Amino acid sequence: MAILLLLALIMTSSSWAPGLVLDICGLSVDWVPYESWGVLGDGEPWDLRLGLTGFRDHLISTGRTRALEEFDELRRITLGLAESASKIPAMAMRSDSNPVPLFLRHLPELFGLLSQPDQGMGPFGPYMNGPIFEVTDPWLRSWLDALAFSLSGVEAADTPASAMAYVLFDMHREGGTLDYPRGGMGSIVDELVRGIGGVELRKKVDEIVLEEGGERVEGVMVGGQLVRAKEGVICNAPIWELPGLLEGQTKTEELSDFLEVAKATPFTRSYLHLHVVLNSTGLDMSSLRPHYTVFDKGLVGDSEHVVGDSNMIAVSNPCVLDPDLSEDGTIMMHAYCCGNEDYDIWEGWQGGGDRVGYEALKRERAECLWRSIEKVVGEDARSRVVAEYIGSPLTHRRFLTRHKGTYGATPSGLLKNGDTPVEGLVLCGDSVFPGIGVPSVALTGAAAANGLVTWWKQLQSY
Ligand SMILES: Cc1cc2nc3c(=O)[nH]c(=O)nc-3n(C[C@H](O)[C@H](O)[C@H](O)COP(=O)(O)OP(=O)(O)OC[C@H]3O[C@@H](n4cnc5c(N)ncnc54)[C@H](O)[C@@H]3O)c2cc1C
């Protein structure tokens, strides 16, 4: 068990996993680094600057002495946890949690980790509300909730302590930056497709096929054809899809139990999206940031307020870094409520019917997103519209194949690793610890791939 938790901690900390996976496959993406993002709706607009001093300077200039003291102390007590874990590369992970590669190549780092207090393996609650530490400053509590929410879809106290420790370490270390892949997120996918070759896009797997008795995977059914697996099947479909994918198969008792748990995995709320193309004539692009966090109803308050309905909104403004994304004279922006929109409000509108009513609801709910874009661009934002698309949780569910439009599983519902009761069937993606986010899912993908080869071959790969 200790080893399993240890692996979990390392996986949380390996935020550089996507780059590592690309490096190992001999692939590359043009990363554009940037050092700050804008925060709006928390008093005067401010920039969250990464690196050693940026955030501290903000706390000093706004007179938040208590927040500063508590922030420094939090970083101090979580530093060992984050630092020692970050020394072990993601490629040492295996979905079956076999610790041999770790023992053979990373023993000193392992000892470093084992010397950390084991409380770091659980949720961050004890670092927020005692007994390890108590954050008493209301502003800092709200900020930590907001930070955690974008990471895990839940507030800070319920987010894994190891994940929070790593974020506190990584964002505020010397040289800390953010990375934007030129061309957008699709460029990572394009590069992977180019490098791997033989990738079939836009094809639905109808079934995962098991050998007689249900103990080993045979392959997948796609478009009525069985594609046989040579080594195994790695599945990153969200966990709630798995029971349906195995529906017609003979199952062992162990697998049936596993699928019952999978079906009941708790999940976070949904998304509301606003994509716009705006006429950029006269806009001072140098004054705009690549992205913003906007608090529509303000930052400070209890957790329910910070992560509550439509409060925290992300505005992505990539043309600042990548002007070629949009046609000359225009910019594109994406504003979205990240995991704080209830699916229930929308469920009744499935299957067509009253189109006018549905469109009216979309407009009504997306008002907060328009307000955010106005905060960024100025009050004339709506008069600049060239194109506008509102996406509801139903849109999110449909296009991203996301159960009830969810952001992902809550941390308490994550699978500890990608192992399943079926030999050769391995899971990865955001339903597996450490959960939501591209770095995490790249890491579970690497662990799943390693799980299909011997530890000896794994050690030779990095
Ligand atoms: C708006 C938004 C912004 C985000 N911003 C960030 C960010 O800045 N940084 C960050 O790290 N993370 C971000 N995330 C989170 C991140 O995108 C996800 O956590 C991550 O993509 C999850 O990866 P995954 O492989 O588990 O699932 P997915 O990306 O959902 O991939 C699963 C795939 O499986 C496919 N699928 C499902 N069923 C089948 C089937 N039967 N046959 C074939 N295919 C199937 C789905 O269509 C889907 O393409 C963001 C998410 C959203 C929605």
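The values are calculated or read from the model by the stated rules, or taken from the named source; none is laboratory data. These numbers were taken from a predicted model, which means no experiment stands behind them. With ideal geometry, Cβ positions are generated from the backbone for all residues, glycine too; neighbour counts draw on all protein chains shown.
There is at least one residue in region 362-369 that is surrounded by 17 or more Cβ atoms within 10 Å (Cβ to Cβ), assigned by TED's automatic domain parsing to the domain that holds His291, within 14 Å of the ligand (Cβ to nearest atom) and not aromatic (Phe, Trp, Tyr). Residue by residue through region 298-316, note down the ones that are part of a loop (DSSP other than H, G, I, E, B) and either within 16 Å of the ligand (Cβ to nearest atom) or not small (Gly, Ala, Ser) (or both). If the condition is that a residue be part of a loop (DSSP other than H, G, I, E, B) and either within 16 Å of the ligand (Cβ to nearest atom) or not small (Gly, Ala, Ser) (or both), then Leu299, Val300, Asp302, Val307, Asp309, Ser310, Asn311 are the ones that fit.
Being over 17 Å from Gly429 (Cβ atoms), at pLDDT below 95 and not charged (D, E, K, R) is a property that Gly197 has.
Check region 264-275 and report whether any residue there is surrounded by fewer than 18 Cβ atoms within 10 Å (Cβ to Cβ) and of a type in the set (D, E, K, R). No, region 264-275 contains no residue that is surrounded by fewer than 18 Cβ atoms within 10 Å (Cβ to Cβ) and of a type in the set (D, E, K, R).
Checked against (1) among the small types (Gly, Ala, Ser); (2) assigned to a helix (DSSP H, G or I); (3) under 25 Å from the mean Cα position of the chain (by Cα), Gly429 passes all but a single condition, namely (2). In this structure, is Lys404 in contact (Cβ under 8 Å) with a residue 60 or more places away in the chain, more than 11 Å from the ligand (Cβ to nearest atom) and either of a type in the set (A, V, I, L, M, F, W, C) or farther than 15 Å from Val21 by Cβ (or both)? So Lys404 passes the test. Screening Glu423, Glu364, Glu379 for residues that are of a type in the set (D, E, K, R) and touching a strand residue (DSSP E or B) at 6+ places or on another chain (Cβ under 6 Å) leaves exactly one candidate, Glu423. Take Val432 and decide whether it is near the ligand (Cβ under 10 Å from one of its atoms) and of a type in the set (A, V, I, L, M). Against the criterion (near the ligand (Cβ under 10 Å from one of its atoms) and of a type in the set (A, V, I, L, M)), Val432 qualifies. Please determine whether any residue of region 4-22 is small (Gly, Ala, Ser) and at pLDDT 90 or above. No. Would you be able to say whether some residue in region 200-209 is without any contact (Cβ under 8 Å) to a residue 40 or more places away in the chain and either aliphatic (A, V, I, L, M) or assigned by TED's automatic domain parsing to the domain that holds Ser303 (or both)? Yes, the conditions are met somewhere in region 200-209.
For region 58-75, state whether one or more residues are within 21 Å of Phe433 (Cα to Cα), basic (Lys, Arg) and not in a helix (DSSP H, G or I). No, region 58-75 contains no residue that is within 21 Å of Phe433 (Cα to Cα), basic (Lys, Arg) and not in a helix (DSSP H, G or I). Within region 80-98, the set of residues being part of a helix (DSSP H, G or I) and under 22 Å from the mean Cα position of the chain (by Cα) comprises Leu81, Ala82, Glu83, Ala85, Ser86, Ala90, Met91, Ala92. A single member of Val276, Val227, Val209, Val220 is under 25 Å from Pro393 (Cβ atoms), in contact with a strand residue (DSSP E or B) (Cβ under 9 Å, 6 or more places away or on another chain), within 15 Å of the ligand (Cβ to nearest atom) and not in a helix (DSSP H, G or I), and it is Val276. Considering each residue of region 154-163 in turn, at least one proves to be within 16 Å of the ligand (Cβ to nearest atom), modelled with pLDDT of 90 or more, under 29 Å from Phe267 (Cβ atoms) and of a type outside the set (A, V, I, L, M).
Scanning for something among the polar types (S, T, N, Q) and farther than 30 Å from Gly41 by Cβ, does region 117-133 turn up at least one residue? Yes. Selection of region 331-357 for residues being in a loop (DSSP other than H, G, I, E, B) and closer than 21 Å to Glu304 by Cα yields Asp342, Tyr343. Does region 156-177 include one or more residues that are touching a Cys at 6+ places or on another chain (Cβ under 7 Å), in the same structural domain as Glu69 (by TED's automatic domain parsing) and either basic (Lys, Arg) or not in a loop (DSSP other than H, G, I, E, B) (or both)? No - not one qualifying residue is present in region 156-177.
Residue-by-condition table, conditions (1) of a type in the set (S, T, N, Q); (2) free of Cβ contacts under 8 Å to residues at least 40 places away in the same chain; (3) assigned to a helix (DSSP H, G or I); (4) more than 16 Å from the ligand (Cβ to nearest atom):
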residue: Asn417; (1), (2), (3), (4): yes, no, no, no
residue: Ala442; (1), (2), (3), (4): no, no, yes, no
residue: Gly445; (1), (2), (3), (4): no, no, yes, no
residue: Ala448; (1), (2), (3), (4): no, no, yes, no
residue: Trp456; (1), (2), (3), (4): no, yes, yes, yes
residue: Leu459; (1), (2), (3), (4): no, no, yes, yes
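Go through region 326-348 and give me each residue that's closer than 25 Å to Lys297 by Cβ and either of a type in the set (Gly, Ala, Ser) or surrounded by 18 or more Cβ atoms within 10 Å (Cβ to Cβ) (or both). Those that are closer than 25 Å to Lys297 by Cβ and either of a type in the set (Gly, Ala, Ser) or surrounded by 18 or more Cβ atoms within 10 Å (Cβ to Cβ) (or both): Met333, His334, Ala335, Tyr336, Cys337, Cys338, Gly339, Asn340, Glu341, Tyr343, Trp346. For Leu394, the stated conditions hold: it is aliphatic (A, V, I, L, M), surrounded by fewer than 20 Cβ atoms within 10 Å (Cβ to Cβ), touching a helix residue (DSSP H, G or I) at 6+ places or on another chain (Cβ under 7 Å) and assigned to a helix (DSSP H, G or I).
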